[in-house]
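Each remark here refers to the structure printed beneath this line.
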There are 2 protein chains.
Amino acid sequence: MSITVVGSIAFDSIETPHGKVERVLGGSSSYFAIAASNFADVNLVGIVGDDFDQRHLELFKERGIDISGIEHSSGKTFAWSGAYEAGSLDSAITREVHINVLGEYSPKLAEKHASAEYIFLANGHPALQKSIRGQCTKAKFVMLDTMNLWIETARDDLMNVLKDVDCLVLNEGEALLLTEHHNLVAAGYELLELGLEYVLLKKGQHGSMLFTKNDFFALPSYPLRVVKDPTGAGDSFGGAFLGQLARSKDLSFESMKLAVMYATVTASFTVEEFGVDNIRDLSFEIIESRATKYRKMVTIP
Amino acid sequence: MSITVVGSIAFDSIETPHGKVERVLGGSSSYFAIAASNFADVNLVGIVGDDFDQRHLELFKERGIDISGIEHSSGKTFAWSGAYEAGSLDSAITREVHINVLGEYSPKLAEKHASAEYIFLANGHPALQKSIRGQCTKAKFVMLDTMNLWIETARDDLMNVLKDVDCLVLNEGEALLLTEHHNLVAAGYELLELGLEYVLLKKGQHGSMLFTKNDFFALPSYPLRVVKDPTGAGDSFGGAFLGQLARSKDLSFESMKLAVMYATVTASFTVEEFGVDNIRDLSFEIIESRATKYRKMVTIP
């Protein structure tokens, strides 16, 4: 079963209390695709400029990711610069955003990408997400991520696309903003009322929660003494979650619980180093090895 | 196996976004004792003034709590007044504290209380905690709770008593303050270096973590759409944790995992109503029933 992800591919410049990096590979769909590729076949659909680095494309290819859906445009690749402060690693302070080639991007998916059964609409304008959703006529399970910017400036478009999505994945702040709740559990259940079957809320160091009308599942994060760079943790989480669902071909709630576990463990690798440094060589075996340790840490006798 | 808890018995006045109450039964040892009494025999040692309400003593007695260690003094009972704001229910804003009869309190424990095998030194001045610890010569497992005030004003005394304690229980903010860390996992491991065998960190709505040198365990909180009053959640958590250890007579790490589970579930009852309203009639059967539901919510297939 293959996954198609559509979202940003970027150059990120990141500063955290543990150091800084300039113009490394970033973007929501990059993290998602690398994480998901440990579990399933992934089609990465996006756009890059003529300044993009060939070795990043090689990395995707080495991981078996189909990059035939990456459009090459004259102009510059989307670039983001941000920082995290000690004690508040769960939210980045954006310093600069250069939309560049992403500005006018509105992809027409190739048949082999549009026909994937598992779709991830990575963070982007909800009207664009809606257009992509419409093209994926064979989809069995569609996940969508968004951010504060779209919740605040394109709420109607967001509500519109959510009706055609199975699972919304948000972080804590986004969920509270979207629902205007103070209680994250209440927010999770209210989000289901938007026409969603599943709501997956990420709490950074505090773990995650999965809501359906009749079921609930929660796990703590994998314990890390040092988080070097939280960038991409959420997209890695989403990638491993959808990757495991595609791998298992099982959309039962029990299967989703296992997917949350793999998502938790995969995201823990992402944040241990800057950018994609710690996940570029990840394998299912390495993830499984940490998952075995993790199970012991969270299993009630 | 019996538990002796020494700590405050109080009148609490509490305001939260869900309402307010005046001069209800409160105090760290009240919550602890009520929670622990679902699991084991509890001796409650503390002091009250001549304004204390007989019906609160009756409540303790009805729950099988030994109150022969409660000293009755002329003067007024310790009184606390505080508020919680929407969105930050994990920390109270103290409005008033009237130390009253607690000011000069320095108990000499009766033999039957001093000889308990499980001891909880509830939040109080660390020098007083040290004196009580010294009296408990038969102790198998001693837990200590503290607060920001003592970390900031009596750090040396605190460090001194911690050497004679098995398990320190702290909330997130206290752990970060005591260690000057930003990362709570790093803080947990560093606290072990103070001579403790176990460190139990509470994160309110985000669950808890138990650290030893060689083991780690974490659980999320029980999901609640409404938290009416967080007061006493931490002491109820501690009470159920130590109560379950005493009930099982098993200090293995596997036993502690189960105790964290019961602590999590018991604390979830406390915060559903103001003060002790929702735990005054609690039973092991009611806790076990919610625990069965909770296990399904956090168990990886």
- [ ] Could you check region A:11-120 for helices (runs of 4 or more DSSP H) lying wholly inside it with 2 or more residues that are under 28 Å from A:Asp164 (Cβ atoms)?
- [x] A:28-36, A:111-114
Task: Contacts under 7 angstrom Cβ, first residue in region A:213-237 being among the charged types (D, E, K, R), partner surrounded by 24 or more Cβ atoms within 10 Å (Cβ to Cβ), 6 or more apart - done: A:Lys228/A:Val271; A:Asp229/A:Ile14; A:Asp229/A:Val271; A:Asp235/A:Ser28; A:Asp235/A:Tyr31; A:Asp235/A:Phe32; A:Asp235/A:Ala122
- [ ] Name the single residue, out of those in region B:211-258 being more than 19 Å from B:Phe284 (Cα to Cα) and within 15 Å of the chain's Cα centre (by Cα), that is nearest to the other protein chains (Cβ to nearest Cβ).
- [x] B:Pro230
Task: Residue match in region A:144-154 (condition: of a type in the set (A, V, I, L, M) and farther than 24 Å from A:Ala33 by Cα) - done: yes
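Has region A:246-259 got at least one residue that is touching a residue at least 12 places away in the same chain (Cβ under 8 Å) and assigned to a loop (DSSP other than H, G, I, E, B)?
yes
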Task: Qualifying residues in region B:195-208 (those that are farther than 25 Å from B:Glu85 by Cα and modelled with pLDDT of 95 or more) - the one nearest to the other protein chains (Cβ to nearest Cβ) - done: B:Val199
TODO: From (1) in contact with a Lys or Arg (Cβ under 6 Å, 6 or more places away or on another chain); (2) over 20 Å from B:Val24 (Cβ atoms), pick out the condition that doesn't hold for B:Gly234.
DONE: (2)
Task: Residue in region B:241-248 that is surrounded by fewer than 19 Cβ atoms within 10 Å (Cβ to Cβ), touching an Asp or Glu at 6+ places or on another chain (Cβ under 6 Å) and over 18 Å from A:Tyr222 (Cβ atoms) present - done: no
Open item on the list: Looking only at region A:1-20, count every residue that is surrounded by 23 or more Cβ atoms within 10 Å (Cβ to Cβ) and charged (D, E, K, R) and tell me the total.
Closed with: 1
- [ ] Please work out if A:Thr270 is surrounded by 24 or more Cβ atoms within 10 Å (Cβ to Cβ) and β-branched (Val, Ile, Thr).
- [x] yes
TODO: Being of a type in the set (A, V, I, L, M, F, W, C), under 16 Å from B:Leu210 (Cβ atoms) and within 13 Å of another protein chain (Cβ to nearest Cβ) is the filter here, so list the residues in region B:259-271 that pass it.
DONE: B:Ala259, B:Val260, B:Met261, B:Ala263, B:Val265
- [ ] Would you mind telling me which numbered condition in (1) more than 18 Å from the chain's Cα centre (by Cα); (2) within 12 Å of chain B (Cβ to nearest Cβ) A:Leu191 fails?
- [x] (2)
- [ ] Residue by residue through region B:66-91, note down the ones that are surrounded by 21 or more Cβ atoms within 10 Å (Cβ to Cβ) and closer than 12 Å to B:Asp229 by Cα.
- [x] B:Tyr84, B:Leu89
Open item on the list: Test of understanding: among B:His206, B:His182, which residue is without any contact (Cβ under 8 Å) to a residue 40 or more places away in the chain and within 23 Å of B:Leu149 (Cβ to Cβ)?
Closed with: B:His182
Open item on the list: Residues to consider are B:Arg55, B:Arg63, B:Arg23; find the one that is basic (Lys, Arg), in contact with a helix residue (DSSP H, G or I) (Cβ under 8 Å, 6 or more places away or on another chain), under 23 Å from B:Leu282 (Cβ atoms) and surrounded by fewer than 23 Cβ atoms within 10 Å (Cβ to Cβ).
Closed with: B:Arg63
TODO: Inspect region B:274-288 for any residue being within 14 Å of chain A (Cβ to nearest Cβ) and among the hydroxyl-bearing types (Ser, Thr, Tyr) and give the result as yes or no.
DONE: no
Task: Subset of region B:26-38 (residues that are of a type in the set (Phe, Trp, Tyr) and either surrounded by fewer than 24 Cβ atoms within 10 Å (Cβ to Cβ) or over 16 Å from B:Ala259 (Cα atoms) (or both)) - done: B:Tyr31
TODO: Take A:Ile34 and decide whether it is closer than 26 Å to A:Ala291 by Cα, among the hydrophobic types (A, V, I, L, M, F, W, C) and touching a residue at least 12 places away in the same chain (Cβ under 8 Å).
DONE: yes
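Among B:Phe211, B:Phe237, which is buried (at least 24 other Cβ atoms within 10 Å of the Cβ) and within 30 Å of A:Glu190 (Cβ to Cβ)?
Only one candidate passes the filter, namely B:Phe237.
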- [ ] Answer yes or no: is there a residue in region B:13-26 that is within 27 Å of B:Arg225 (Cβ to Cβ), in contact (Cβ under 8 Å) with a residue 40 or more places away in the chain and among the acidic types (Asp, Glu).
- [x] yes
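Does B:Val169 count as away from chain A (no Cβ under 14 Å) and within 24 Å of A:Lys296 (Cα to Cα)?
Against the criterion (away from chain A (no Cβ under 14 Å) and within 24 Å of A:Lys296 (Cα to Cα)), B:Val169 qualifies.
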TODO: Among the residues of region A:166-192, count how many are out of contact with any Asp or Glu (no Cβ under 9 Å at 6 or more places or on another chain) and under 27 Å from A:Lys249 (Cβ atoms).
DONE: 3
TODO: Six or more apart or on different chains, Cβ under 6 Å: which pairs go from a residue in region B:79-108 that's more than 14 Å from every other protein chain (Cβ to nearest Cβ) to one that's of a type in the set (A, V, I, L, M, F, W, C) and in a loop (DSSP other than H, G, I, E, B)? Could you list them?
DONE: B:Asn100/B:Phe78; B:Leu102/B:Phe78
Open item on the list: For the list (1) buried (at least 24 other Cβ atoms within 10 Å of the Cβ); (2) facing chain B (nearest Cβ under 10 Å); (3) not basic (Lys, Arg), I need the number of the one condition that A:Ala291 fails.
Closed with: (1)
TODO: Please enumerate the residues belonging to region B:1-28 that are β-branched (Val, Ile, Thr) and farther than 30 Å from B:Ser115 by Cβ.
DONE: B:Ile14, B:Thr16, B:Val21, B:Val24
TODO: Test A:Val265 against the stated conditions and say whether it is in a loop (DSSP other than H, G, I, E, B), of a type in the set (Val, Ile, Thr) and closer than 24 Å to A:Asp281 by Cβ.
DONE: no
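The values are calculated or read from the model by the stated rules, or taken from the named source; none is laboratory data. Not measured: the values here are computed from a predicted model. Heads up, the Cβs are rebuilt from the backbone with ideal geometry, glycines too, and the neighbour counts pull from every protein chain shown.
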